[in-house]
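Notes for the one structure printed next.
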Amino acid sequence: MAKLVYTAITSLDGYIEDEDGKFDWAAPGEEVHAFINDLEREIARYLYGRRLYEVMAVWETLQSDEPAVRDYAEIWRAADKVVYSRTLDTPSSERTRIEREFDPGAVRQMKASAERDISVGGSELADQAIRAGLVDELNLFLSPVIVGGGKKALRDDVRVQLELLDERRFGNGVVHLHYRVRNSIQRARDTASSSPSAP
């Protein structure tokens, strides 16, 4: 069975974009980009919400002289994409289909039939997948910046036990953490209510 993997580049305080919706501080350098490319080479299909898809669709036509950028563009174009949107009518990239609703059962079937791994992108869609118990691994790239607010990479009110599989430090200060999900998902407030009271 294929794994469902959530990958995100975040600030040190856990945001994928700041309060103004900007994420220019998250641009990977050459070393980080090449490392991400090697991870993404194992991905056969991307799952996106509409907003992230519209950001990522630039890779369909992007031309660059930078080897890591050109390599990622080829990886992205070769993969299938599923976009979950109630408003998007027509995709702007090849190998792309639109689904109106995120169906956990359909994603389980997708994982069971896939020969290579699947990536879920965007914190809102990833949150749905995490809560449905679908996410198997997480790749978090912590950037050496604190932005103070914005959109979180991991949403509130859910608790998941993780096992650290790997870690790596890069020359630009980015740290990669690779985790495996160890157990079932539990809502954080349910965990708190079931804990014994302090003496």
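Brief remarks follow.
- Per residue accessible area of the chain, 1.4 Å probe, in Å²: 56
- Cα centroid separation, segment 1-37 to segment 124-171 (Å): 10
- With a threshold of 19 Å on the Cα-Cα distance, the entries LYS3/LYS81; LYS81/LYS111; LYS22/LYS152 are all at or under it.
- Sparse-neighbour loop sites [GluC sites (Glu not before Pro); segment 104-164; at most 10 other C-beta within 10 Å; DSSP]: GLU115
- Of ASP127, ASP117, ASP157, the residue with the greatest mean-square motion in the GNM of the chain, using alpha carbon springs below 10 Å, is ASP157.
- By definition, a body whose alpha carbon gyration tensor gives a ≥ b ≥ c is oblate when a/c is 1.5 or more and a/b is not larger than b/c, and the chain fits this oblate description.
- Build a GNM of the chain with springs between Cα atoms under 10 Å apart, and of ALA112, ALA57, ALA26 the one that fluctuates most is ALA112.
- Accessible area of GLU74 in the full protein assembly, 1.4 Å probe (Å², nearest 10): 110
- When a 1.4 Å probe is rolled over the protein heavy atoms, the share of accessible surface on the chain that falls to carbon and sulfur comes to 47 percent.
The values are calculated or read from the model by the stated rules, or taken from the named source; none is laboratory data. Please read these numbers as outputs of a predicted model, since none were measured by experiment. Cβ atoms come from the backbone with ideal geometry, glycine included; neighbour counts cover every protein chain shown. Quick note on the areas: whole protein, heavy atoms, side chains included, nothing else; ligands and nucleic acids left out. Shrake-Rupley method; radii C 1.70, N 1.55, O 1.52, S 1.80 Å.
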